[in-house]
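Notes follow once the structure below has been shown.
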Amino acid sequence: MENTIKVERAILNLTQGDLAEKIGVSRQTINSIEANRYVPSTVLALKLSEVFGKPVNNFFKLSSDD
Amino acid sequence: MGKQNYIECERRGLEKLINFRLPHNFYTIGMVIIGAAIVMMFVRAFALEGDQNVLKEVLRKLLLVGMLLMSIAKDKDEDEMVVKLRMQSYTYAFIAGVVYALIMPFVDYGVSNALKAEGEAFHDIGDFQVLLFMLMIQLLCFHALKRMR
């Protein structure tokens with residue numbers, strides 16, 4: 001799974017810490033998601049979608065090995 | 001009870017079981033218990049005289065209880081990733097515990113007989129040793145995984 005959360009975060013001018021606080025996770029979790037080390041749950045993906053104001057598909061994409 | 005209520009009730013029950021963890025305060029309580037147990041172990045070994053087998057057993061159990069509390073207490077910033085890392089650390093601890101219980105009796109026997117002509121007889125390791133090892137592996141793996149995230 002690939003994502004463009006870093007880009008979406010930059011558009012909204014949010015730090016990892018800000019985004020983490022908004023969706024109720026730790027900063028390290030946001031860092032891991034951005035680095036594709038962790039695939040978040042549907043609940044977390046929908047919370048991100050709410051913050052970014054875009055559908056989940058816009059910032060999460062399946063990669064060839066999924 | 002309607003069908004929907006029944007399904008909701010089952011879902012809540014399952015969620016409670018899946019999400020069972022103690023509050024973060026228990027982590028500190030566990031550390032205090034471990035600290036006290038270790039100090040008392042030293043006191044028993046070097047300061048107290050006579051047969052202290054009951055105290056020794058109690059202190060061993062206290063040590064395990066303290067580690068168990070640390071193991072199942074919530075993290076300060078608990079989120080779904082931390083939960084996943086904890087689950088993974090239990091998997092590693094389980095595997096390591098089984099391998100340890102299988103191999104250590106042979107290692108003990110081999111080392112003992114290699115060093116002395118008449119070493120120890122072959123015997124299984126005790127429950128305390130296995131549980132202590134598993135809890136140590138779980139706590140170490142959990143913290144290592146958290147650092148790596």
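The values are calculated or read from the model by the stated rules, or taken from the named source; none is laboratory data. Everything quoted here is computed from the prediction, not taken from an experiment. Reconstructed Cβ throughout: ideal geometry from the backbone, glycine too, with neighbour counts over all protein chains shown. We work out accessible area using only protein heavy atoms, side chains counted, and drop any ligands, DNA or RNA first. Shrake-Rupley method; radii C 1.70, N 1.55, O 1.52, S 1.80 Å.
Each residue of segment A:15-31 was assigned a 3J(HN,Hα) from its phi angle through the Karplus expression (A = 6.51, B = -1.76, C = 1.60, θ = phi - 60°), giving 7, 4, x, 4, 5, 4, 5, 5, 9, x, 10, 8, 4, 4, 5, 4, 4 Hz with x at Gly and Pro. In this view, the solvent-accessible surface of B:F106, computed with a 1.4 Å probe and all protein chains in place, comes to about 130 Å².
By its C-alpha gyration tensor, with a ≥ b ≥ c as the square roots of the eigenvalues, how is segment A:2-61 shaped: rounded for a/c under 1.5, else prolate for a/b larger than b/c, else oblate? Cα axes put segment A:2-61 in the rounded bin.
Compared with the dominant principal axis of the Cα atoms in chain B, helix B:25-46 is inclined by about 10°.
Exposure check, 1.4 Å probe, all protein chains in place: B:V99 carries approximately 70 Å² of accessible surface. Take each residue of peptide B:80-93, count the partner chain Cβ atoms within 10 Å of its Cβ, and average: the result is 2.
Residues B:M40, B:M67, B:M148, ordered by accessible area of protein heavy atoms at a 1.4 angstrom probe radius and largest first, appear as B:M148, B:M40, B:M67. Angle of helix B:53-72 to the longest C-alpha principal axis of chain B, folded into 0 to 90 degrees and rounded to 10: 30°.
Less than 5 angstrom separates the built amide H of B:L22 from those of B:A73, B:K74, all sequence-distant by 5 or more or on a different chain. Solvent-accessible area of B:I33, all protein chains in place: 40 Å² (probe radius 1.4 Å, heavy atoms, ligands and nucleic acids excluded).
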